[in-house]
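A quick write-up on the structure given underneath.
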Amino acid sequence: MKDKGQIESQILKLQEKYKDSGQDISSYLDGLLYQRYLTYWDYIHLDTLLSLQVPRTHFPDEEIFIMYHQITELYFKLILHEEKQIVDDKSQKESFFIEKLNRINNYYKALISSFSIMIRGMEREQFLQYRMALLPASGFQSAQYRMIELYATPLENLVHASEKNNFSSQDSIETLYENIYWKKGATDIKTGKKTLTLKQFEYRYTPRFIRTAKQLEKNTIYQKYLNLPAKSQHNKALIGALKGMDINANINWPLMHLGSAHRYLNQEDTSIEATGGTNWKEYLPPSFQHVVFFPSLYSKDELNNWGKEWVDHIFNPEKSKS
């Protein structure tokens, strides 16, 4: 128990803290006196949290599907929380940069290791039935996932692989955004028409994405790294953490989705469309998307073969063994 002197010292510190608030410290002490004891369930809003799962069908496994996606979005929020700190940091300390990147990679590792819930944790027959009640909603519409990319790297690195040579940092944010890679995943290749999934997503989030990209211009995580002193840029731990984030975000995480889609949507003669109408075999493979957040960290061969061995492992397991 603290002695009288320590308590008096703390009261003086509280007086100093609240002196500019316009209220006497005794008012705050009254508030503390009348305040309820905090409980775990109130602090994390447990009852609200557990009420957020609202299935659209009677299939039991749909609740698993909902909860896992909600968990995923919470991890995305954690990743964004760390990315924002990197972007806002003015210290340019390698240790700070590495610590935040390591946290991001730990969040990705948790997501990646838990994805077996989606791959093996639901009955295929149930999934193929309840998914029809979810149209045209799709995980494609995760705004946080797109925000993670915007914080990580300049927009020119997010232009679709087939068109990257046609654009550069000199193009406007709006032009680069119109050619961002993920739009092709929800656009009919033959007709060029956008799916309803993409139309809904653009209507809801395009202003936010454009505004965020402009706020981050010349200040993404990649650009923060490139602006570090030369000695810091060669820090092996920093490079390893950046590469880890790149591989987790742009190879390992999409690969998990690819494995899930392959299990639930692949058939011998044909493939079932994803709920958003995306061509998942074209959209999900890392080597097809070819998104790289930090391209200067890799050799030409590494960039040319980006994600290829992982895709071979899924679609051509015998080839990947050779």
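Bear in mind that the values in this text are calculations on the coordinates, not laboratory data. Model, not experiment: these values are computed from the prediction. For neighbour counting, all protein chains shown are included, and Cβ atoms are generated from backbone atoms with ideal geometry for every residue, glycine included.
Distance between the C-alpha centres of region 127-202 and region 224-259: 22 Å, rounded to the whole angstrom.
Which net charge results when you count Lys and Arg as +1 and Asp and Glu as -1 among the other residues whose beta-carbon is under 13 Å from that of Y130? Walk me through the intermediate numbers first.
Numbers: positive: R56, R124, R131; negative: D61, E62, E63, E123, E125.
Net charge around Y130: -2.
For volume of the Cα convex hull per residue in Å³, the listed values are (i) 128; (ii) 144; (iii) 227; which was obtained by calculation from the structure presented? Here volume of the Cα convex hull per residue in Å³ agrees with entry (iii). Protection proxy ranking, highest mean first, for peptides 75-81, 113-119, 160-166: 75-81, 113-119, 160-166, where packing is the per-residue count of other beta-carbon atoms within 10 Å, averaged.
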